[in-house]
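Beneath this line is the structure, given in structure tokens, with notes to follow.
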Amino acid sequence: GSLPTSHPIHIPEIMLSRFIRRTGAVIQRRTFASGITRLHAEHPNMCQTVVHESTGVVYLAGQVPDDYSLDAKGQTKEVLSKIDTLLEEVGSDKSKLLSAQVWVKTMDDFGAVNEIWQGWVDPENKPCRAAVEANMAHPDILVEVMVTASK
């Protein structure tokens, strides 16, 4: 038989984490009472995407590159590609960006990051944006980007 879809099922976090690691599954979590959808929640501290269903606002966690050996342009391209993928999963895209926060390890890379950003961002629908120099969680990360968008 199948389980009813009208009642949330509680799965202990440790079991869910093991299942995700073993299968590579992407798990959608939903808090029914609040109308909030959480995607890619396998990390112990955060999820990658949160959608507030009643407002249609999409929040992405800060995205960093997978390949830390790339230069600032390469890391920025990889980060923006990840953002495209996450937005697409929830029916949004870069033309619906509301705001963006950009962190660069050194302002020496600011021009390179901006060059890639300008080639990526929808020129007719640019978001509000802030960019600052920051210490990163790993010494080889050169750029991190976090966006908020509309569905």
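Provide a single number: the residues in region 121-149 that are assigned to a strand (DSSP E or B) and open to solvent by 40 Å² or more (accessible area, probe 1.4 Å).
Final tally of qualifying residues: 7.
Quick check: is even one residue across region 23-42 in a helix (DSSP H, G or I), loosely packed, with under 15 Cβ neighbours inside 10 Å and at pLDDT below 95?
So in region 23-42, the residues in a helix (DSSP H, G or I) come out as 23.
Still in the list and also loosely packed, with under 15 Cβ neighbours inside 10 Å: 23.
Filter again for at pLDDT below 95, leaving 23.
Checked region 23-42: at least one residue is in a helix (DSSP H, G or I), loosely packed, with under 15 Cβ neighbours inside 10 Å and at pLDDT below 95.
Which residues, taken from region 62-107, are closer than 14 Å to T49 by Cα, in contact with a strand residue (DSSP E or B) (Cβ under 7 Å, 6 or more places away or on another chain) and not aliphatic (A, V, I, L, M)?
G62, Q63, K82, E89, S92
Taking region 58-107, which residues are open to solvent by less than 50 Å² (accessible area, probe 1.4 Å) and touching a His at 6+ places or on another chain (Cβ under 9 Å)?
Scanning region 58-107 gives V58, A61, V64, L86.
Restricting the first residue to region 113-126 and requiring it to be over 19 Å from K151 (Cα atoms), which pairs with a second residue that is in a helix (DSSP H, G or I) and among the small types (G, A, S) meet a Cβ separation below 6 Å and a spacing of at least six or different chains?
V113/A72
The values are calculated or read from the model by the stated rules, or taken from the named source; none is laboratory data. Values in this document were obtained by computation on a predicted structure and should not be read as measured data. Because the Cβ atoms are built from the backbone with ideal geometry, glycine has one as well, and the counts that use them run over all protein chains shown. Remember, those area values only see protein heavy atoms, side chains included, never the ligands or the DNA or RNA. Shrake-Rupley method; radii C 1.70, N 1.55, O 1.52, S 1.80 Å.
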